[in-house]
Amino acid sequence: MAVYQTHEYDVLIIGAGGAGLRAAIAAAAANVRVGVVCKSLLGKAHTVMAEGGVAAALANVDDRDNWKVHFADTMRGGQYINHWRMAELHAKEAPERVRELEAWGALFDRTADGRILQRNFGGHAYPRLAHVGDRTGLEMIRTLQDHGVHSGMSVHMECTVYRLLKDGHRIAGAFAYNRDRGTFVVFRAGAVVLATGGIGRAFSITSNSWEYTGDGHALAYHAGAELIDMEFVQFHPTGMVWPPSVRGILVTEGVRGEGGVLRNSEGRRFMFDEIPANYRETTAANEEEGWRYTQGDRAARRPPELLTRDHVARMIMREVREGRGSPHGGVYLDIAWIRERLPNGKEHIKRKLPGMYHQFKALADIDITEEPMEVGPTTHYAMGGVRVDGDSQMSTVSGLFAAGECAAGLHGANRLGGNSLSDLLVFGKRAGEYAAKFAQEHGPPTIDGATVDRAAKDALAPFDRSSQGEGAFAIEHALQEKMQELVGIVRREAEMIEALDRIAELRARAEKVGVRGNREYNPGWHTALDLDSLLTVSEVVTRAAIERKESRGAHFRDDYPGKDAEWGRVNLVVKKAADGSMSVSRAPVAEMRADLKQIIEEIK
Ligand SMILES: Cc1cc2nc3c(=O)[nH]c(=O)nc-3n(C[C@H](O)[C@H](O)[C@H](O)COP(=O)(O)OP(=O)(O)OC[C@H]3O[C@@H](n4cnc5c(N)ncnc54)[C@H](O)[C@@H]3O)c2cc1C
């Protein structure tokens, strides 16, 4: 093996968002050596963008809430193909994880009697989201980062993991490059936790940050791990649609939680037009009841704007398609109207939604306390990811763990808002603990020098083609456009088959990609190396979406618009076959424990 900068850890964590930092804190508590690698600066991970809040049944605002209701809501939102053990652990442990954050210094908004305030969010029966205005992710990252650096972890910033390394069937570490100098780094580690976030950058309209190129998903796939539920990509109903430079930026569900309503170009609240059967009993009968719900009336039911994201996104698309949209291809989200009901409405909006107020003022010259926003769906979240054991978070590769958005199971076919931040805390902690235990029990692995040299050679290959190779940005852009157009919110078999052809063509182009300049600060090179992840996750999503011949949660098939009971009993698993091809198979959803089934029956 050539000489590279080398680091040794018991636990290597790839990703410094909420999941990675919580895992690092847990692993450090077990007194093992912990390394954290991240593409950006510490504190800049995607989690910092989270707005609305973290879901936990603290019951501070409504004492009818408890873990059982949270569990039932999560399962119903995920259309019952969730990993029920994860949903159980998540609902039970989220309150403790939030209180722990508070003990570490997180300053949440407060109730009048000084407890953590909670707000309404789509699909949650009661006000459940602990929040800090609409900047919850910032507070969460700040707290975890502060606590993490004092717990003892070494951080490698602006460093991208390019390959996972294995010792036989077991994980052995990772090969990475420093984004600033372009030098290579080898990490040897007894256990590795993937906490790399999502895949949104595979689509052209997205709320996701530049880091979300699906690296963790692709790294796990190439290392032999199984991916699950990849057909379920969440399109958040409310992203900005205008001006074009900001298209896709998120408009938090918190706006609707605070009383914001959706209207079409005729001024009608179209969300009342169609209520899914399993939410009919719990949805407001009229606008008046919906308003009372947002103001904390315990006898009122939720307005249809707070139905699950998949449904709201499709309803918006229908209005646009049928010619009742806003001028720039969205619909209207109106929070300004609450001034009719609240004497201090303007100040109330600014206090509850300061980020949204500034976002629209600065980016679109819109004052949301005076006029409605134009919004439309944006690619937001990957329900699919690395298949893990529910308790330990270990993948199907020995010593390789995954947590947060890059892991899968908890959310099934559709994630409820707020359930990601709690997912990061609950399963980040578990992944860190179990990874430390694994490393302690199995000792250090051996790294194969030839594999490392091959990874280095592959990473540098685009420089060999600098004169004749095509640039990476054009390929990335073409992929994003095709995924948005052919594997987006409404899917059809023929279009997805066409997407596979386009992905194959783009892969052939990516194999010839060329990079100019040198290894220092070279975004063209970084993008060239991201292409494999983007192409891999795009193909995985497309193959799984073709296979699931029904509509469920975030996966809507125009050619199979109904739900099929048979499909409600299976998850789709994607894996790299021995011959290198992509295999898609069905795995039966595990039979739910009787006591949990009973909870669902009782809470329906
Ligand atoms: C605008 C917005 C608002 C949101 N609001 C909410 C909300 O209110 N409530 C909620 O529950 N959810 C919300 N979400 C979703 C939630 O923020 C994310 O799902 C969550 O933060 C993901 O956390 P994570 O720890 O898994 O990953 P991240 O926070 O994205 O961290 C990923 C880390 O992995 C690193 N990384 C990636 N690839 C590599 C690589 N190859 N090598 C090295 N490092 C790598 C990145 O640099 C980063 O440090 C929101 C999402 C968006 C986009």
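The values are calculated or read from the model by the stated rules, or taken from the named source; none is laboratory data. Since this is a predicted model, take the numbers as computed values, not measurements. Reconstructed Cβ throughout: ideal geometry from the backbone, glycine too, with neighbour counts over all protein chains shown. We work out accessible area using only protein heavy atoms, side chains counted, and drop any ligands, DNA or RNA first. Shrake-Rupley method; radii C 1.70, N 1.55, O 1.52, S 1.80 Å.
Please enumerate, by chain and number, the lysines with C-alpha under 18 Å from the C-alpha of LYS549, excluding those fewer than 8 residues away in the same chain.
Straight-line reach from LYS549, under 18 Å: LYS563.
Rank-order 109-118, 63-72, 579-588, 455-464 by packing density, defined as the average count of other C-beta atoms within 10 Å over each peptide's residues, highest first.
Ranking the peptides 109-118, 63-72, 579-588, 455-464 by packing returns 63-72, 455-464, 109-118, 579-588.
Kindly identify segment 292-376 as rounded, prolate or oblate by the Cα gyration tensor criterion: order the square roots of the eigenvalues as a ≥ b ≥ c, call it rounded if a/c is under 1.5, otherwise compare a/b with b/c, prolate if a/b is larger, else oblate.
It comes out oblate by the Cα gyration axes.
Evaluate the charge dipole of segment 469-513 about its Cα centre and quote only its size in Debye, nearest 20, assuming +1 on the Cβ of each Lys and Arg and -1 on the Cβ of each Asp and Glu.
Around 80 debye, computed over segment 469-513.
What are the GluC sites (Glu not before Pro) within segment 499-604 that DSSP puts in a loop, where the Cβ has at most 15 other Cβ atoms within 10 Å?
Passing both the DSSP loop test and the Cβ count: GLU511, GLU520, GLU566, GLU591.
Per the helix-only calculation at 222 nm, which mean residue ellipticity applies to the chain, given -39500 (n - 2.57) for every DSSP H run of n ≥ 4 and division by its residues, nearest 500 deg cm²/dmol?
Result for the chain: -11500 deg cm²/dmol, rounded to the nearest 500.
Cα to Cα, under 18 Å, and not fewer than 8 places away if on the same chain: which lysines meet these conditions relative to LYS604?
LYS68
Shape call for segment 49-200 from the C-alpha gyration tensor, a ≥ b ≥ c root eigenvalues: rounded (a/c under 1.5), prolate (a/b greater than b/c) or oblate?
Taking the square roots of the gyration eigenvalues as a ≥ b ≥ c, segment 49-200 is prolate.
Set the Förster distance to 45 Å, then compute FRET efficiency between GLN5 and SER467 from the Cβ-Cβ distance, nearest 0.05.
Once rounded, the FRET efficiency stands at 0.90.
Would you work out the charge dipole size for segment 163-275 about its Cα centre, treating the Cβ of every Lys and Arg as +1 and the Cβ of every Asp and Glu as -1, and quote it to the nearest 20 debye?
Charge dipole, segment 163-275, about its Cα centre: 440 debye, nearest 20.
Which pairs in the list LYS39/LYS512; LYS457/LYS512; LYS512/LYS575; LYS39/LYS166 are over 18 Å apart, alpha-carbon to alpha-carbon?
The answer is LYS39/LYS512; LYS512/LYS575; LYS39/LYS166.
Run the simple label-point estimate for SER585 and ASP391 please: 7 Å along Cα→C-beta, distance reported in nm.
With each label placed 7 Å out from Cα toward Cβ, I get 2.4 nm.
Report the GluC sites (Glu not before Pro) located in segment 189-281 that are in a DSSP loop and have at most 10 other Cβ atoms inside 10 Å of their Cβ, or state none.
GLU266
Could you work out what % of the accessible surface of segment 449-597 is carbon and sulfur, using a 1.4 angstrom probe and leaving DNA, RNA and ligands out of the count?
Accessible surface attributable to carbon and sulfur in segment 449-597 totals 52 percent.
I want to make sure I understand the PRE zone here: with the label point 7 angstrom from the Cα of ALA508 toward its beta carbon, which residues in segment 525-540 have backbone N atoms less than 18 Å away?
Once the point is set 7 Å along Cα→Cβ of ALA508, 532, 535-536, 539 turn out to lie under 18 Å by backbone N, inside segment 525-540.
If you average 1/r across every pair of different Cα atoms in segment 332-403 and take the reciprocal, what Kirkwood value do you get, in Å?
By the Kirkwood definition, the hydrodynamic radius is 15.5 Å.
Sorted by mean Cβ packing within 10 Å, highest first, what order do the peptides 495-501, 186-192 take?
In descending order of packing, they fall as 186-192, 495-501.
With charges set only on the Cβ (+1 for Lys and Arg, -1 for Asp and Glu), what does the dipole of the chain come to about its Cα centre, in debye to the nearest 20?
Value, rounded to 20: 400 debye.
In nanometres, what is the gap between the two model label sites at ARG280 and ALA299, each 7 Å from Cα along Cα-to-Cβ?
According to this spin-label approximation, the distance is 2.4 nm.
Can you work out the accessible area per residue across segment 318-388, with the rest of the protein chains kept in place, probe 1.4 Å, in square angstrom?
Ligands and nucleic acids excluded, the result is 42 Å² per residue.
Give me the angle, in degrees from 0 to 90, between the Cα long axis of helix 472-486 and the longest principal axis of the Cα atoms of the chain, rounded to the nearest 10.
Tilt relative to the chain: about 40 degrees.
Could you tell me which of rounded, prolate or oblate describes the chain, using a ≥ b ≥ c as the square roots of the eigenvalues of the alpha-carbon gyration tensor, with rounded for a/c under 1.5 and, failing that, prolate when a/b is larger than b/c and oblate otherwise?
prolate
For the pair HIS169/THR446, report the inter-label distance in nm, with labels modelled 7 Å from Cα in the Cβ direction.
Between HIS169 and THR446, the simple spin-label model gives 1.8 nm.
State the extension gain, in nm to one decimal, for the chain segment bounded by GLU287 and GLU266, taking 0.36 nm per residue of separation less the distance between their alpha-carbons.
Here the answer is 5.9 nm.
Restricting attention to segment 309-387, which trypsin sites (Lys or Arg not before Pro) occupy a DSSP loop and are surrounded by at most 13 other Cβ atoms within 10 Å?
Here the sparse-neighbourhood loop sites are ARG341.
Work out how far the C-alpha atoms of segment 414-483 reach from end to end along every principal axis, then list the three figures in whole Å, largest first.
Computed over the Cα atoms, the extents are 49, 41, 13 Å.
Taking all protein chains in place and a 1.4 Å probe, what share, in percent, of the accessible surface of segment 123-257 do carbon and sulfur account for?
Percent of accessible area from carbon and sulfur atoms in segment 123-257: 51.
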